[in-house]
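Here's the structure we're looking at; comments come further down.
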Amino acid sequence: MPKAVPSSPLSPASRQMSGLPCLKMTAWRRAASLFRDMDSVMDVFLEQWTVYMQAAGYLVFTTARRADCIAACRSLTDHIVRHLDTGYLPTFERLAGNSDNWAQDLVASGLRHMRRGITGTMYLGCFKTFIHALEDAVHAFSFGRRRSQHVLDDACVLLRLYGAAFEEIWMDVCLGVQRDEHHSDMDEMLRRLTLEKCRFENVFNTTSDGVLVMDAQCRVTTANRSLRQYAGENLTGRAVWDVLGLESSSPEEFFRYYPVGQTVEVTPFGGDLVFRLSISSLGDISLASSGEYLVLLTNITPHVTQREIMEEVIRARTAALEKEKRQIEEMNITLRTVLNNVAAERDQSRAELASSLQNFLAPALARLVNIPDKAARHSHAALIEDQVRRMLGQAGGSPDSGEQGMARLTLAELNVCRFIRAGHSTKEIAAALGISPETVQTHRKNIRRKLGVRGQDAQLAAFLAAHPFHGDETPSRDNG
């Protein structure tokens with residue numbers, strides 16, 4: 001066990017016996033207070049510790065994660081702050097005595113490393129790089145807020161004081177470990193490491209995803225069995241874009257196409273296989289893996305196939321809906337056209353009916369009142385009724401061209417038509433109707449034009465015989 005020293009204040013002479021400088025009270029308080037803000041420069045500490053560990057050749061032996069390194073930093077700086085808060089003025093002798101167990105976490109960490117095969121001397125070397133990295137982090141504090149260069153330098157002196165005290169504590173710990181116990185611990189440690197190694201290899205090689213590890217230059221360092229089944233054997237040292245058949249020719253280009261932390265779909269081995277590729281930085285997990293990257297390939301071919309099927313179904317359904325929409329729009333256009341035509345025809349029919357009523361029915365009714373002869377009134381009324389029926393479409397079916405022409409005749413022209421169909425001459429018609437022969441000839445001309453009949457009177461008479469009027473009472477030659 002580390003030796004303990006009394007916690008009572010030491011004389012100035014005893015405080016200087018270590019040969020290390022001893023900070024005055026005011027300087028110590030200012031320097032120790034810096035470590036309250038250690039989190040603000042934690043990234044600098046982690047980066048520099050990695051550099052020092054790499055330079056000393058220790059990085060390949062450590063399994064510490066990023067969280068472990070942060071915890072190690074706080075295990076020291078938190079005690080520095082605690083000593084400040086409790087007024088425990090640190091001297092080499094007091095710290096080396098470890099009376100308040102300030103070094104307990106650091107000692108426990110060293111013993112765990114020894115059980116993993118790290119020698120006590122190597123752990124002490126790692127601790128020295130740890131102190132150097134903390135000094136660099138202290139100098140990363142920005143000036144201001146009472147952080148002058150003297151305060152930063154005093155903080156580094158304080159770190160060296162704690163570091164020197166821990167070295168003495170650690171040497172006592174190492175001397176207290178018996179050789180046989182050490183060998184026993186080593187054997188147990190190697191057995192556990194072997195089991196962990198076998199377990200890791202089993203998991204690594206049985207996973208269905210393709211997994212490889214590459215360095216900062218994108219050269220493959222490790223690949224699992226699943227990936228080798230796709231890419232072949234002897235992958236170590238080859239560029240990852242050559243192994244996976246991806247488009248790239250340099251690390252810069254590769255990371256530009258496939259950024260760390262993002263997921264992309266690729267077809268790395270040709271054919272119809274589709275994979276989801278993702279790249280993670282192992283340096284975010286362990287300092288020992290700084291500069292290495294994990295490349296994960298997941299076969300998503302079934303999902304992509306299902307997605308393409310669904311996309312095709314959606315495209316087909318969308319096309320069907322678009323077609324149905326166009327048909328409905330065309331039907332709407334047709335319906336609007338039909339409605340517009342119906343409305344136009346209705347308006348036209350109303351206009352024609354109004355015109356017929358105004359131009360024929362009203363004058364005909366006026367003449368009907370003034371006809372004194374009963375038989376003539378009856379014949380005139382029959383003509384009016386026939387014309388009204390034709391205007392209302394009650395003649396039955398669709399009227400032919402002849403019927404349409406008859407509907408266009410005036411009452412006087414219809415009266416003349418009756419006499420023509422009966423075979424009366426122009427003079428006979430003029431005498432019967434009390435009009436001049438010239439007027440009868442004009443009526444004949446207009447009748448032929450409206451009925452579309454050409455030729456002599458015999459043809460007109462034949463046409464009129466084929467198109468009888470409603471309520472017709474043709475005058476005979478005897479009573480004409």
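The values are calculated or read from the model by the stated rules, or taken from the named source; none is laboratory data. These figures come from a predicted structure and were not determined experimentally. For neighbour counting, all protein chains shown are included, and Cβ atoms are generated from backbone atoms with ideal geometry for every residue, glycine included. Note: areas computed on protein heavy atoms with side chains; ligands, DNA, RNA excluded. Shrake-Rupley method; radii C 1.70, N 1.55, O 1.52, S 1.80 Å.
What is the spin-label model distance, in nm, from Ala466 to Asp172 if the labels are put 7 Å beyond Cα along the C-beta direction?
14.1
Could you check the simple spin-label distance between Asn332 and Thr63, using points 7 Å along Cα→Cβ, in nm with one decimal?
My value for the distance between the label points is 7.2 nm.
With every protein chain left in place and a probe of 1.4 Å, what is the accessible surface of His424, to the nearest 10 Å²?
Rounded to the nearest 10, that gives 10 Å².
Once the Cβ-Cβ distance between Ala343 and Ser436 is put in as r, and R0 is 35 Å, what FRET efficiency do you end up with, to the nearest 0.05? Mind dumping the intermediate values first?
Details: r = 47 Å, r/R0 = 1.33.
So, using R0 = 35 Å, E works out to roughly 0.15.
Asp105: accessible area at probe 1.4 Å, nearest 10 Å²?
Rounded to the nearest 10, that gives 80 Å².
Charges only on Cβ, +1 for Lys and Arg, -1 for Asp and Glu: so what's the dipole of the stretch 49-117 about the Cα centre, in debye to the nearest 20? Display every interim value, and only then the final one.
Working: 8 positive and 6 negative charges, 74 e Å.
About 360 debye.
Hey, what do the phi angles of the stretch 96-106 turn into as Karplus ³J(HN,Hα) couplings, whole Hz, using 6.51/-1.76/1.60 and θ = phi - 60°, x for Gly and Pro?
Values, residue by residue: 5, x, 6, 5, 9, 6, 5, 9, 4, 5, 5 Hz.
Mind jotting down the distance between the C-alpha centroids of the stretch 323-382 and the stretch 410-443, whole Å?
Spelled out, the Cα-based centre of one part sits 29 Å from the other.
Would you please give the FRET efficiency between Tyr257 and Ala320, computed as 1/(1 + (r/R0)^6) with r the Cβ-Cβ distance and R0 = 41 Å, to the nearest 0.05?
Working: r = 39 Å, r/R0 = 0.95.
Given R0 = 41 Å and the Cβ-Cβ separation, E is 0.60.
Starting from 0.36 nm per residue, how many nanometres of slack lie between Gln459 and Val157 once their C-alpha separation is accounted for? If you can, show how the numbers build up before the last one.
Details: separation 302, 0.36 × 302 = 108.72 nm, distance 13.92 nm.
Full extension of this stretch gives 94.8 nm more.
How big is the gap, in Å, between the Cα center of the stretch 68-100 and the Cα center of the stretch 210-250?
Going from one Cα centre to the other spans 47 Å.
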